[in-house]
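Notes for the one structure printed next.
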């Protein structure tokens, strides 16, 4: 029972982590909550569905087909996220802190309704690209779908880590997160770096959208909201702006949610409450999240 | 300098607007536009909510994403009260009392958090409240909502006059109009008081305010708690008007919408909060009302595009007027002074 819960929790946590990374990357540089991220995730799932619908050959191609679906969907969501930044956030960068939030909400409404009007307002079945086969680990079972989700997320996280730590662009991203103005003075094109950050964050969100679709088997125009809110919670839990924190927060939230659903009486009804209660307590005890650094207040 | 003639014309303008609002239901009552009275009443409830949140977000600058929870607490208290036979006035007081005491307790524990952290915790609290109402079947009948079969929530009675008897909703329209007037006057008096100035000082620079000797923690708690008076009252009116409450009415989305109303209107500005509420709560309904006109120009099916247009309006307004549509006088003068200096 416990191992089974752990496996389910890790799977869910992996999806949350990928989404949370998108929030945290953006927040780290711009101190902005990208509320439209949940819509990027939803569109990622729809792009994945589109690829599978128009190129059924992807089913036969095995891992290569799966990779193609992911790459295209990530590319689409990443470019979309970059476009959102350019249209909705960049003009507002030097204004009151809440204005970009309103614009993000506006974008969120636009994207949801665009899908609702021009694609479909019904729930769509997400094709079974990975046929689930069960492996037993002791008393627990792990199916191939969960394995794919865990593997894909881990690969993406490692790639992100390498990108940020080893490449020159990654170094520039870290510099911008540290101090945007100082980085600009050192000759870093901050607009370009912000664009790349949105591209990377959006791509991770798109991958999470496809994984989410595969895991639950159906997608809809408003699917992004709940995972979006929970992933944001996860990002804050780990310490928003902190990349390792987002991954840690995502996994903790996933495991706790599954555990609450499994062990509490009527647990599946209360699992979301448990997630939020834990979040509040963590923030009250440690307001900067688990791995967040304490920032001294400036006068 | 404020001239006497300006003051006179401002009062005249407000008087005329109020007169128009009083006459409006009498004019449309027997026409096919009678649904507008109901729509205006709904917008009115949002105005009450926006005026309430204006203390927390607009004046004190505390970012609250769970405000709708206190509207929900008011509505459920009134609904449960009415089912047990209590009158509207008793329920109104009870709803405000419940809403205020919960908000006070929440405020005491979370107000030391700042900015985005406060936002996420209030959001968490809002969702916890909604999910709890959704799950506590014995008290709230879960997702099916109150009242249960065989029970009923009474319509508002004022001196023996039953507001539910008039199908045009005119009685509720006037009730809400009176509530808004009271709320607006109260907001204005508070804004100009010592507290109001202190809140603005905290919003602009918390550390400077603390160093000037303001009891920052107490003042923040005060602004945070006063907000819930309006939410509780609006909730009670909502419950007695709709005579049906479900958790569906109190989703996270609604909290965001109220925040958007205040930012759109201009932070800390009372006319701004009202305008923001009218625009955001009213525009989907107005677009629906004018859809005949637009569908003739843009073709049928236009009605489905109203939320899309609503989103576009939000993005455009905030891009071209980030300080809000009607920024508060205090803030406007600050910005102008800055311009002179630089």
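The percentage of C-alpha pairs in region B:36-251 whose separation is greater than 21 Å is 54%.
Every Cα-Cα pair of region A:157-209 was included, and the share exceeding 14 Å stands at 53 percent. From the alpha carbon centroid of region B:149-174 to that of region A:96-150 is 45 Å. Normalised by the number of residues in region B:36-251, the mean separation of alpha-carbon contacts (under 8 Å, six or more apart) gives a relative contact order of 45 percent.
When you restrict to C-alpha pairs under 8 Å that are six or more residues apart and normalise by the size of region A:91-233, the relative contact order lands at 31 percent. Evaluated at q = 0.12 Å⁻¹, the base-10 log of the normalised Debye intensity for the protein assembly as shown, with identical point scatterers placed on the Cα atoms, takes the values -1.38.
Taking 7 Å steps out from each Cα toward its Cβ at residue A:166 and residue B:218 produces label points 6.0 nm apart. Helix-only arithmetic for chain A: the sum of -39500 (n - 2.57) across DSSP H runs with n ≥ 4, divided by the residue total, places the mean residue ellipticity at 222 nm at -24000 deg cm²/dmol.
Working from Cα pairs under 8 Å separated by at least six residues, relative contact order for chain A is 36 percent. A full extension of the chain between residue B:87 and residue B:211 corresponds to an added length of 39.8 nm, given 0.36 nm per residue minus the alpha carbon distance.
Can you give the FRET efficiency for residue B:32 and residue B:166, using 1/(1 + (r/R0)^6), R0 = 22 Å, r = Cβ-Cβ distance, to the nearest 0.05?
Given R0 = 22 Å and the Cβ-Cβ separation, E is 0.80.
Shape summary: chain A maps onto an equivalent ellipsoid whose semi-axes, from the alpha-carbon gyration tensor, are 30, 24, 19 Å in decreasing order.
Once Rg and the Kirkwood radius are both taken over the C-alpha atoms of region A:1-97, their ratio Rg/Rh works out to 1.08.
When its C-alpha radius of gyration is set against 2.2 N^0.38 Å (N residues), region B:1-97 gives a value of 1.48.
No value in this document is a laboratory result; all are computed from the given coordinates. In this text the structure is predicted, and so the values were computed from the model without any measurement. Methodologically, a virtual Cβ is constructed for each residue, glycine included, from the backbone with ideal geometry; neighbour enumeration extends over all protein chains shown.
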